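Scroll down for the structure; my scribbles are underneath it.
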Amino acid sequence: MFDTLTNRLNGIVKQLRGQARLTEENVTDALRDVRMALLEADVGLSVVKDFIARVKEKALGADVLQSLSPGQAFIGIVHQELIALMGGEASQTSQANQLPDFNKLPVNLATTPPAVILMAGLQGAGKTTSTGKLAKLLKERFKKKVLVVSVDVYRPAAIKQLETLAAQVGVDFFASDVSQMPVDIASAAKQWAKTHFHDVLIVDTAGRLAIDEAMMAEIRAVHAAIEPIETLFTVDAMQGQDAVNVAKAFSEALPLTGVVLTKLDGDSRGGVALSVRHITGKPIKLVGVSEKMDGLEAFYAERMASRILGMGDVLSLVEAAQQSVDTDAAQKLAEKFKKGKNFDFDDFKMQLIQMRKMGGMSALMDKLPAQLSQAANQAPDLQEKQLRRTEGMINSMTPLERRKPELLKASRKRRIAAGAGVTVQEVNKMLTQFEQMQKMMKMMKGGGMAKMMRGMKGMMPGTR
């Protein structure tokens, strides 16, 4: 996501680094490039104008003009303004150095149970899938008892789809039928949730191919009947500025409390994320970052601003590790090192499995600073394929070979290559990468974190 904008902004910063000081002339030139970068990223014209005006005012301030690091000073201002643009507060940027609060709910549930969440949006925006993802998030990470219901009586497949998703993520489903009225379904579901002690009720509403008054009247009636604490507008990032215009129309018709931005992983421009808060006045609360059912994340403006500027998003990486990594396996590996034992292929395979749980190489590298993730951004599909091949080669080894990599000579390599369906050259390349990982683990054992970071690029399959 944001690949185009990130690349353009990085180029602008490099140009400024070559300047001795910030002047009105080079700030104006840089802002002209920023303006073009934002417009190419599909950010709305009115949003761009306001953003550029705020950055220019601060960049031409006395403190910044006297700075001896013009590139850093300018990018610091752009970073703060991106945070403000996407709904954060400039004063919150200090939180970027703190560990994330894993127990912070991405939605407001501070009401007498059940807390009702109403999902609104156009057809095809991803409401039903986002309902399932949000239910999974609330159930697994926040231990909430969740009930989901569909009031989309115009598309029978929608009811069945939500029922299937509910079963998949392990939450309760309230049955509905196309012969019923949406208001009646929603009211009955809320009563059921109350009597069966559900913490949260998520209501998936009908979408349309375009905005019409009948649609708005119906969803207003549903809203009035169930009084949701959260009314989330689901918008497809791939729709560009059309999505922002639709969001504005919905915000005028309904008392929205936030936005769910879907398919953000499929849009290299990301202009909607930068525009929707400015246009609607409603915060982005959740973003869809993959098609998987765990591909829904809380939105943090300061983290997204860092990613846009190529600074990486280490907090989200830590958060993903906290949720996905097998802590018992990691503890066993640490204990193994303490006993003086070496990193072997069983350990290497475990690392690959953990990486896949965190979303794979491309998802991991997307959260790292640009200088570390540059290789990953060039061919993410190739890297995922290479990860699978590496695991296949390890699976073709005998238990003894996994424990003692030094046994892998020519004849054994040929057998492993044949078993994994790869060439001997690929086996050799994998062994080289394993040796790099082995060295890195030795550095970690000795406390050499700085050395580890320098050796990080190229340590895993597909990053060389």
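Bear in mind that the values in this text are calculations on the coordinates, not laboratory data. Please read these numbers as outputs of a predicted model, since none were measured by experiment. Note that we place each Cβ from the backbone using ideal geometry, even for glycine, and neighbour counts take in every protein chain shown.
Length gained on full extension, Ser411 to Ala249: 51.5 nm, using 0.36 nm per residue less the C-alpha separation. Region 171-188 and region 111-142 have Cα centres separated by 15 Å.
Quickly rank 421-429, 219-227, 30-38 as a protection proxy: mean count of other C-beta atoms within 10 Å, highest first. Please report the intermediate quantities before stating the final value.
On the way: 421-429: 15.4, 219-227: 17.0, 30-38: 18.7.
Top of the packing list down: 30-38, 219-227, 421-429.
Full extension of the chain between Asp177 and Thr112 gives 20.6 nm of extra length, using 0.36 nm per residue less the Cα-Cα distance.
State which entries of Lys127/Lys194; Lys292/Lys404; Lys160/Lys385; Lys349/Lys409; Lys127/Lys385; Lys136/Lys190 exceed 27 angstrom in Cα-Cα distance in the structure shown.
Values: Lys127/Lys194 24 Å; Lys292/Lys404 37 Å; Lys160/Lys385 34 Å; Lys349/Lys409 20 Å; Lys127/Lys385 31 Å; Lys136/Lys190 19 Å.
Correct reply: Lys292/Lys404; Lys160/Lys385; Lys127/Lys385.
Listed from fewest to most Cβ neighbours within 10 Å, the set Ser150, Ser130, Ser396, Ser187 follows the order Ser187, Ser396, Ser130, Ser150.
Segment Thr23..Phe197, full-extension length gain: 56.3 nm, with 0.36 nm per residue of separation and the alpha-carbon distance subtracted. Which of Ala243, Ala298, Ala214 sits closest to the plus end of the dipole of region 115-298, meaning its Cα is farthest towards the positive end, when Lys and Arg get +1 and Asp and Glu get -1 on the C-beta? The Cα lying farthest towards the positive end belongs to Ala298.
With +1 on each Lys and Arg Cβ and -1 on each Asp and Glu Cβ, how big is the dipole of region 115-298 about its Cα centre, in debye rounded to the nearest 20? Mind showing how you got there, number by number?
On the way: 21 positive and 21 negative charges, 101 e Å.
In debye, rounded to 20, region 115-298 gives about 480.
Highest average first, the peptides 194-202, 121-129 ordered by how many other beta carbon atoms sit within 10 Å of their residues are 121-129, 194-202. Computed from label points 7 Å out along Cα-Cβ, the spacing between Gln123 and Lys292 is 3.2 nm.
The share of alpha-carbon pairs in region 109-263 lying farther apart than 20 Å comes to 43%.
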